[in-house]
Every structure is written in C-alpha cells, then in structure tokens.
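S.K.: Dropping the structure in here first, questions after.
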Amino acid sequence: MSTVIKTENLTYTYGLGTPFEKTAVKDVNIEIEEGELCGIIGHTGSGKSTLIQHLNGLIKPTSGHIYIDGLDIWDKAVKIRDIRFKVGLVFQYPEYQIFEDTVFKDIAFGPKNMGFSEDEVKRRVEESAEIVGLKPETLLRSPFELSGGQKRRVAIAGVMAMEPKILILDEPVAGLDPKGREKILAQIKRYRDQKNATVLLISHSMEDVARFTTKILVMEGGGVFCYDTPPKVFGRASELTAMGLAVPQITRVMNRLKAAGIELDGDIYTVEYAAKKINEYLLKHKSES
C-alpha cells in the first residue's frame, strides 16, 4: 500500500507573537497508508482537531509540510480547492450545517460545486444516501423533519457524495444512542470498503476505536505519542491511563483477570476477542483436569 497522508515536522501555533500564543500541534511526523481506517484519540487539548483541519488545508501550518498523495498541499503549483475535494472533512455535530430544503439538495451541494453533470450528481446522491442507510423517499423530505440520527447521516452522505479519497470525521457518533452509533460506524466502514478510501476517525470512545479501526494515532500535548495497531496501542494500557485516557472496558477487565493469575494470551481489547480467549482458556484447563 502507498502512503496517502504524510506530515513532516508539522507545527501550528495559535496567536503567534501575542500574549495568547499556544502551540497546538508540534513536530508531528506521520505516514498513513491508503485504505487505512485510522482512529485518532487523545484527551481534550491534545491537538486532534487542529491536526485534521490541516489535512485539507483549512489551517496552514506555522512550519512543516503536509503531503496528500505525494503533493505538498501548500506548494504554489497545488490548488487547495482540489485538495479539499480529495480530503472530505465531517465536523462534530455536522447536522447543524444542514441548510437546504430537501435532503437531495443538501447531499447534492458538494458534487454540484465540483461541476458534475445532473446525472452524475444524481448517481452520487443516491449512492451515498444508500451507503448511509437513507431510504429513497427520504431524499424528497426536508432534512429539518428528520431525527437527529437521520440528520447526521444526511450530513455525512453530503461529504461522501463528493467521493473523497480521504474521509475525516470528528466524533461522528457523539450524542447518539448505542444503536445509532453502531449504524453510523458500520456505514463509515462500508464507504471505506466500497471506495477503498482512507478514513480518519476522531473518537473519545475507546470501544468504538478498538472495534472499527485498523490503526490508532494517539495524540499527547500536540505531538504523536504512538501510531500502531489496536493490539499494540491498547497493550500499553498503563501508559494510556497515566495520560488520562481510558482503555476499553474489556481490556481493564482482562488485565484484572491476568493480575489475578488467569493467564490469557495476547492483548485483549474487544468483547469478541475476549470471549474467544476465555473459551480457549476454559477448554485448555478442562482437558488438563
């Protein structure tokens, strides 16, 4: 797989040269491969949201470089508008950004601005609506008549309709009930699988990150604490806890079992994997007795 996102010594300071000067992102060096589903975690103020806003050019770095598909996005020869079509960004509570009088028009806003034909816009709207689980008849309704979860799906579909190669979402399931969370996360994963897109997902839920991502970027104090697979990241449970981050509940339970002398192989971070390991443990000790 090729590297689709790369940063070199990326640094951003708010209020540079003023008494309120604060460095939010400091010397960030990351490489994210094409097709990755990357979770981004870190406590409030760790630099997560500032980092992702750099990736489609909403914020220009104080120093350092950002490369998308090998292009330095702030090079004079690069059009930042093209980068923003390639890197779709869904802000937290995106339903507050809905403004059109029908769901169809709202989802179509991005593709229309990209200059596509009416037929192509229609295809993209219908396809993205289907991916996020909106029924065809919903496209004719006012988005303001929909439930909170449906509005969230409309807003996400509006970004998906631009078919970005990189889809970035800031807390896309914040405030939703468990069923709504599960649906939207599954739909995000479906978009990634269908389009072979790279997805970056900021979340405060360690359970969601553990179950849905292939890599995890941990931010601390504006820098990168680590970037690795979920087993390796959650294998550092004591370090994450010391940083003020919670590990998945099941990881805490399994670590307590290990501390009590019940030896379970590997770093366990999902309920499904825990059930498998406990089953193996019970079968092994049953055969030994």
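The values are calculated or read from the model by the stated rules, or taken from the named source; none is laboratory data. Not measured: the values here are computed from a predicted model. Every residue, glycine among them, receives a Cβ derived from its backbone with ideal geometry; neighbour counts consider all protein chains shown.
S.K.: With touching a Lys or Arg at 6+ places or on another chain (Cβ under 9 Å) and free of Cβ contacts under 8 Å to residues at least 24 places away in the same chain as the only criterion, which of V253, V271, V199 stands out?
M.R.: V271
S.K.: Among the residues of region 212-226, which ones are under 20 Å from E33 (Cβ atoms) and not in a strand (DSSP E or B)?
M.R.: F212, T213, T214
S.K.: Select from region 1-10 the residues that are hydroxyl-bearing (S, T, Y) and either touching an Asp or Glu at 6+ places or on another chain (Cβ under 6 Å) or in a loop (DSSP other than H, G, I, E, B) (or both) and write down the one among them that is modelled with the lowest pLDDT.
M.R.: Filtering first and then ranking leaves S2.
S.K.: Filter region 104-138 for residues that are under 21 Å from A186 (Cα atoms) and assigned to a helix (DSSP H, G or I) and give the result.
M.R.: I107, R124, V125, E126, E127, S128, A129, E130, I131, P136, T138
S.K.: Can you pull out the residues in region 142-176 that are in contact (Cβ under 8 Å) with a residue 12 or more places away in the chain and charged (D, E, K, R)?
M.R.: Within region 142-176, K151, R152, R153, E163, K165, D170, E171 qualify.
S.K.: Please verify whether region 209-227 includes one or more residues that are under 23 Å from L89 (Cα atoms), modelled with pLDDT under 90 and either surrounded by 15 or more Cβ atoms within 10 Å (Cβ to Cβ) or among the aliphatic types (A, V, I, L, M) (or both).
M.R.: Yes - at least one qualifying residue is present in region 209-227.
S.K.: Based on this model, can you work out whether L264 counts as not assigned by TED's automatic domain parsing to the domain that holds F91 and not in a helix (DSSP H, G or I)?
M.R.: Yes.
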